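What follows is a short report on a single structure.
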Amino acid sequence: GQQLNQSPQSMFIQEGEDVSMNCTSSSIFNTWLWYKQDPGEGPVLLIALYKAGELTSNGRLTAQFGITRKDSFLNISASIPSDVGIYFCAGQRRGSNYKLTFGKGTLLTVNP
Amino acid sequence: GAVVSQHPSWVICKSGTSVKIECRSLDFQATTMFWYRQFPKQSLMLMATSNEGSKATYEQGVEKDKFLINHASLTLSTLTVTSAHPEDSSFYICSARDAGSFDTEAFFGQGTRLTVV
């Protein structure tokens, strides 16, 4: 099935640094979602975006829904060791019966 | 947020046997649940959409007779892997959407690690 283009594939950063990741698509989505997955667990919703141009924060996390509806980014500020995990973007189209299309994930490693 | 519970968290079974995985929405009703499969270091791949009271909708390439889905109530969907083989070993994850919410995001269970020996 289709997947979103998510980058970078992995990141190694020092504690305290900011990090940014993004997803792009060749087609439009009506909703963008960002999830975090810890090893052996299911994804946990971080931020949901419903409007083009929307900028939403959740603590140290900020995500934006691109104006073109074909992209989204997630920023994490002042990273801490517990930010380690795999971050997935997911897009949803109207009329798709709420089906999600996932990116391939960004593996984040934070060095203390 | 809404809670989705999956059971069991892990299971080991012999080749040729069947395994049932349960997905429950604990504090909301879900007319639609989704079943995903995830291989190590890969993304989630949608297997099927489970609709309460009707047949599941399978994604292209997913065998209906091998992965039986039943969504008999608004809070429970089950995935049965029939005649399991080692290549069916994977991490299976369900998600559910709150039917009473205008929001469209789905909440995920904790996943089930299936190992077929």
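Observations on the model:
- Which numbered condition A:Val110 misses (of (1) in contact with a Pro (Cβ under 8 Å, 6 or more places away or on another chain); (2) within 14 Å of A:Asp18 (Cβ to Cβ); (3) within 14 Å of chain B (Cβ to nearest Cβ)): (3)
- Qualifying residue in region B:103-111 (condition: more than 13 Å from chain A (Cβ to nearest Cβ), open to solvent by less than 40 Å² (accessible area, probe 1.4 Å) and either part of a loop (DSSP other than H, G, I, E, B) or on the phi > 0 side of the Ramachandran plot (or both)): no
- Among residues of region A:38-57, those that are open to solvent by 30 Å² or more (accessible area, probe 1.4 Å) and within 30 Å of B:Trp10 (Cβ to Cβ), counted: 7
- Residue count for region A:58-82, restricted to those that are surrounded by fewer than 15 Cβ atoms within 10 Å (Cβ to Cβ), touching a Gly at 6+ places or on another chain (Cβ under 8 Å) and without any contact (Cβ under 8 Å) to a residue 60 or more places away in the chain: 1
- The condition of being in contact with a strand residue (DSSP E or B) (Cβ under 7 Å, 6 or more places away or on another chain), within 30 Å of B:Arg113 (Cα to Cα), open to solvent by less than 30 Å² (accessible area, probe 1.4 Å) and within 14 Å of chain B (Cβ to nearest Cβ) holds for A:Tyr35.
- Strands (runs of 3 or more DSSP E) fully within region B:1-69 counting 2 or more residues that are within 10 Å of another protein chain (Cβ to nearest Cβ) and under 22 Å from B:Ala84 (Cβ atoms): B:32-38, B:44-51
- Of residues in region A:83-112 being over 15 Å from A:Leu49 (Cα atoms) and free of Cβ contacts under 8 Å to residues at least 12 places away in the same chain, the one most open to solvent (accessible area, probe 1.4 Å): A:Gly95
- Scanning region B:70-96 for residues that are part of a strand (DSSP E or B) and surrounded by 22 or more Cβ atoms within 10 Å (Cβ to Cβ) yields B:His71, B:Ser77, B:Leu79, B:Val81, B:Tyr92, B:Ile93, B:Cys94, B:Ser95, B:Ala96.
The values are calculated or read from the model by the stated rules, or taken from the named source; none is laboratory data. This is a predicted model, so every value here is computed, not measured. Here the Cβ is made from the backbone with ideal geometry for all residues, glycine too, and neighbour counts use every protein chain on show. Note: accessible area is taken over every heavy atom of the protein model, side chains too, but ligands, DNA and RNA are not part of it. Shrake-Rupley method; radii C 1.70, N 1.55, O 1.52, S 1.80 Å.
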